[in-house]
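Reading through the structure tokens given below for one structure.
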Amino acid sequence: MQNSGSQTPRVRHRKRSSEGFQEASKANGSHLLVHDQNKYRSMLIRTYSTVWMIGGFALVIYLGHLYIAAMIVVIQIFMAKELFNLLRRSHEDRQLPGFRMLNWHFFFTAMLFVYGRILSQQLVNTVTTDMVLYKLVSKLVKYHMIACYALYIAGFVWFIVTLKKKMYKYQFSQYAWTHMILIVVFTQSAFTVANIFEGIFWFLLPATLIVINDIAAYIFGFFFGRTPLIKLSPKKTWEGFIGASFTTMISAFLLASIMGRFKWLTCPRKDLSTGWLQCDPDPFFRPEYYTLPRWFSQLFPWKEVAIMPVQWHALCLGLFASIIAPFGGFFASGFKRAFKIKVCNLEQS
Amino acid sequence: MAMQNGSSQTPWVRHRRHSNEDVQEASKANETHLLVNDQNKYRSMLVRAYSSVWMIGGFALIIYMGHLYITAMIVVIQIFMARELFNLLRRAHVDRCLPGFRMLNWHFFFTAMLFVYGRILGQRLVNTVTSDKVLYQLVSKLIKYQMIACYSLYTAGFVWFILTLKKGMYKYQFGQYAWTHMILIVVFTQSAFTVANIFEGVFWFLLPATLIVINDIAAYFFGFFFGRTPLIKLSPKKTWEGFIGASFTTMISAFVLANIMGRFQWLTCPRKDLSTSWLQCDPGPLFRPEYYTVPKWFPEWFPWKEMAIMPVQWHALCLGLFASIIAPFGGFFASGFKRAFKIKDFGDSIPGHGGITDRMDCQMVMAVFAYIYHQSFVVGQNLMVETILEQILMNLTLDEQQTLYMKLGQILNERMTAQS
């Protein structure tokens, strides 16, 4: 969520400053951020919306696991809607009534399947008190897979029955497109929700690292950016990339320590309630004490340092976030160029 | 299964094209293409029967040889299907500008193979090497880190794809990427479920595959003799008479075949490791015949007073129902797809007709259903102490088994003290 939020003003800024600059001098071919005139004004706007987003996000984290899962479901619905509309051609669609319904049918089936699998045990644990509801829910969970499969087959049969002559190619492309969208949207949300119920830490830390990576890449590119990184995204620079990598890894190490102290973030949630959590902390979150080498403690006041084992894992997450995760952005950039999609279609309100 | 399907359809389609031309030459006014009106149909039926017999023989041999060989056969079929489908929408002149792009397809194929078969056969692989200590540790570690290894391979392919994006060819490359994913999903879903079913017992693979073949053959014969009303615009040769006749035939043969197949322990026992030796096991309540006395309203000439019906025969009826009604839609999907992209056949592996995918289209839909049906309705019914114990021994590591033993002991102790 924050990823797209922090990118939106950046993109708006890129477009605006590009245009301003191009009007000023057409001979200058460079589009790097460090040369733009209006950059300071745009940075203020960006900071303002980022602060609002972070505030809203912190509120949802405070409210708990179920609300975070609900937020993810809402985001998913919006993403799917955008992506479904992206390669639709409206004049063809007018001849195929009910074809849009098919997309949403598959979306609903995927939703039932994914969340049914992930949350089934939690759901069963929530209703253990009531005998009747327990039996009902256990039966639903048992036949969950075949119910989802039946829904999918119904959609498949519906698709074949509504194949219209001369529109085969469009319909098959839309079918494949629907499947790809659902895979992309549901894979990430399924794993996110599964992580949330293992402990909000495992959702919050990776998400925060991506945001920090973005912000740090922006700031480093802002002040030091000279060498372009990849042809796909001409505004990204090597200085931004490397600076962001270091920042991400250091903040991964520190944030893991800070986040690991809150039981609200580290305890797994075993049912779908929203009450306060109490649990025995995992050995990952128990600090281990390391004595610092003598030359270090002569310079600094600390004699020993407390490091949780989870911080080492956080370093690995930070490494991935800084090196591999930007490729997701490159993929999206390449995709938009491939299908000549204008950036303004994807602005979030 | 695939071969029988293919051979039974090969002369059918050859015959279709053959007789089409004759009829068109004879009289252009005659617009009907239904089988019942063709002149050379009897000769083609002989050709078809001949190749079917050979295919059935080869298939029976592989079934006799066992689970591992059937799996190997499925892997081979999968590779051929994937190759056909990869080549299908590739444009050769564009590909020459992108060296190494084809390698990417096979990289993703290999990753998917590792992922799917690693998950399904992981625990069985571990059970095969329990005798050797070193190999056991190695294999257990591999199984433990299997998911992250596959993910790393996938990420490597993803990064490679992005780095090789070439200006002016973005659309082609993204199209190919999406196409690769769709192919791998289609190919691996059905083969994964098929292999999972095989190791639960060859019965759960053999019965659905045979039902599809019987459905095809019966639809052909009923269409041959009685076909009048076309069924769907997508496949103009299919008829309602063929469809309904085939449905009845499939359901009756499902009931009968389940009885016959259920008597062989080779077919009904699950395989817990990757050996190829003979199987011995307790068949479970599904395969034990229950005796029903024939109700009084049955006609008096009915020779049997009581019938022995295995519970599995009722499940077979459901499989037969699905095979006759839904599975043909796999064929319609493939037909529509070929028309949409103006492809005549998916490939030319099978000379004179088409590719492997042409033969596997209905089998794919059935394989997925058979697995899901088995997991939902059959596994549940088979819950006895022995089966749960087998699952524990098969799916949990030694440490997990010990933990389970201790926890179970604690719970039972608490219950006994609460009762007393």
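The values are calculated or read from the model by the stated rules, or taken from the named source; none is laboratory data. Since the model is a prediction, treat every value here as computed from it, not as a measurement. Quick reminder, even Gly has a Cβ in these numbers, built from the backbone with ideal geometry, and neighbours come from all protein chains shown.
So, of the residues in region A:83-101 that are assigned to a loop (DSSP other than H, G, I, E, B) and surrounded by 11 or more Cβ atoms within 10 Å (Cβ to Cβ), which turns out to be modelled with the highest pLDDT? Please lay out each step first, then the result.
Step one: of region A:83-101, the residues assigned to a loop (DSSP other than H, G, I, E, B) are A:87-89, A:95-98.
Subsequent filtering for residues that are surrounded by 11 or more Cβ atoms within 10 Å (Cβ to Cβ) retains A:87-88, A:95-96.
Details: A:Leu87: 69, A:Arg88: 74, A:Gln95: 74, A:Leu96: 77.
Step by step, filter region A:83-101, then rank; the result is A:Leu96.
Pairing each residue of region A:333-349 that is within 14 Å of chain B (Cβ to nearest Cβ) and closer than 19 Å to B:Leu165 by Cα with any residue that is surrounded by fewer than 16 Cβ atoms within 10 Å (Cβ to Cβ) and at pLDDT 60 or above, provided the two are 6+ apart or on different chains, yields C-beta distances under 6 Å for A:Ala338/B:Lys171. Conditions first: (1) under 30 Å from A:Ala321 (Cα atoms); (2) within 14 Å of another protein chain (Cβ to nearest Cβ); (3) of a type in the set (D, E, K, R). A:Glu239 passes all but one, so which condition is the exception? Against the list (1) under 30 Å from A:Ala321 (Cα atoms); (2) within 14 Å of another protein chain (Cβ to nearest Cβ); (3) of a type in the set (D, E, K, R), A:Glu239 comes up short only on (2). Evaluate the following for A:Val310: is it more than 14 Å from every other protein chain (Cβ to nearest Cβ) and either of a type in the set (Ser, Thr, Tyr) or closer than 21 Å to A:Ile196 by Cα (or both)? Judged against the criteria, A:Val310 is a match. Of all residues in region B:179-213, those that are surrounded by fewer than 24 Cβ atoms within 10 Å (Cβ to Cβ), within 24 Å of B:Gly58 (Cβ to Cβ) and of a type in the set (Ser, Thr, Tyr) total 1. Taking region B:201-241 as the range and being within 14 Å of chain A (Cβ to nearest Cβ), among the charged types (D, E, K, R) and in contact with a Gly (Cβ under 8 Å, 6 or more places away or on another chain) as the test, only B:Lys238 passes. With (1) at pLDDT 80 or above; (2) buried (at least 18 other Cβ atoms within 10 Å of the Cβ) as the list, and B:Phe101 as the residue in question, which single condition is left unmet? Tallying (1) at pLDDT 80 or above; (2) buried (at least 18 other Cβ atoms within 10 Å of the Cβ), B:Phe101 fails exactly one: (1). The lone criterion from (1) modelled with pLDDT of 90 or more; (2) more than 17 Å from the chain's Cα centre (by Cα); (3) within 14 Å of another protein chain (Cβ to nearest Cβ) left unmet by A:Ala216 is number (3). Just one of the numbered conditions (1) in a helix (DSSP H, G or I); (2) within 14 Å of chain A (Cβ to nearest Cβ); (3) surrounded by fewer than 19 Cβ atoms within 10 Å (Cβ to Cβ); (4) not charged (D, E, K, R) is not true of B:Gly122: (2). Could you list all residues from region A:62-82 that are over 15 Å from the mean Cα position of the chain (by Cα) and in a helix (DSSP H, G or I)? Correct list: A:Tyr62, A:Leu63, A:His65, A:Leu66, A:Tyr67, A:Lys81, A:Glu82. Scanning region B:214-235 for residues that are surrounded by fewer than 24 Cβ atoms within 10 Å (Cβ to Cβ) and outside any helix (DSSP H, G or I) yields B:Arg228, B:Thr229, B:Pro230, B:Leu231, B:Ile232, B:Lys233, B:Leu234, B:Ser235. Does any residue of region B:82-104 turn out to be in a helix (DSSP H, G or I) and farther than 23 Å from B:Gln176 by Cα? Within region B:82-104, none of the residues are in a helix (DSSP H, G or I) and farther than 23 Å from B:Gln176 by Cα.
Matching residues to (1) among the small types (Gly, Ala, Ser); (2) more than 24 Å from B:Phe161 (Cα to Cα):
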site: A:Tyr149; (1), (2): no, yes
site: A:Trp158; (1), (2): no, yes
site: A:Ala194; (1), (2): yes, yes
site: A:Val211; (1), (2): no, yes
site: A:Pro234; (1), (2): no, no
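Here A:Leu140 does not fit the description of being outside any helix (DSSP H, G or I), within 14 Å of another protein chain (Cβ to nearest Cβ) and over 21 Å from A:Thr274 (Cα atoms). Taken as a whole, the structure places A:Thr109 among residues that are of a type in the set (Val, Ile, Thr) and modelled with pLDDT of 85 or more.
Does region A:143-164 hold any residues that are within 7 Å of another protein chain (Cβ to nearest Cβ), more than 32 Å from the chain's Cα centre (by Cα) and not β-branched (Val, Ile, Thr), and which are they?
Filtering region A:143-164 for residues within 7 Å of another protein chain (Cβ to nearest Cβ) gives A:143, A:145-146, A:149, A:153, A:156-157, A:160, A:163.
Those still in the list that are more than 32 Å from the chain's Cα centre (by Cα) too: A:157, A:160, A:163.
Passing the criteria: only A:Leu163.
Determine which single condition B:Gln78 fails, assuming it passes every other condition in (1) touching a residue at least 24 places away in the same chain (Cβ under 8 Å); (2) more than 29 Å from B:Gln176 (Cα to Cα). Every condition holds for B:Gln78 apart from (2). Note on region B:236-278: residues that are surrounded by fewer than 16 Cβ atoms within 10 Å (Cβ to Cβ) and assigned to a strand (DSSP E or B) amount to 1. Just to be sure before I move on: is B:Leu142 surrounded by 13 or more Cβ atoms within 10 Å (Cβ to Cβ), in the same structural domain as B:Gln190 (by TED's automatic domain parsing), in a helix (DSSP H, G or I) and touching a residue at least 40 places away in the same chain (Cβ under 8 Å) in the structure I sent? No: the conditions fail for B:Leu142. Applying the set (1) in a helix (DSSP H, G or I); (2) within 14 Å of chain A (Cβ to nearest Cβ); (3) surrounded by fewer than 18 Cβ atoms within 10 Å (Cβ to Cβ); (4) at pLDDT below 85 to B:Val134 leaves exactly one unmet item: (2). Residues that are at the interface with chain B (Cβ under 7 Å from one of its Cβ atoms) and free of Cβ contacts under 8 Å to residues at least 40 places away in the same chain were ranked within region A:166-180; the one that is surrounded by the fewest Cβ atoms within 10 Å (Cβ to Cβ) is A:Lys169.
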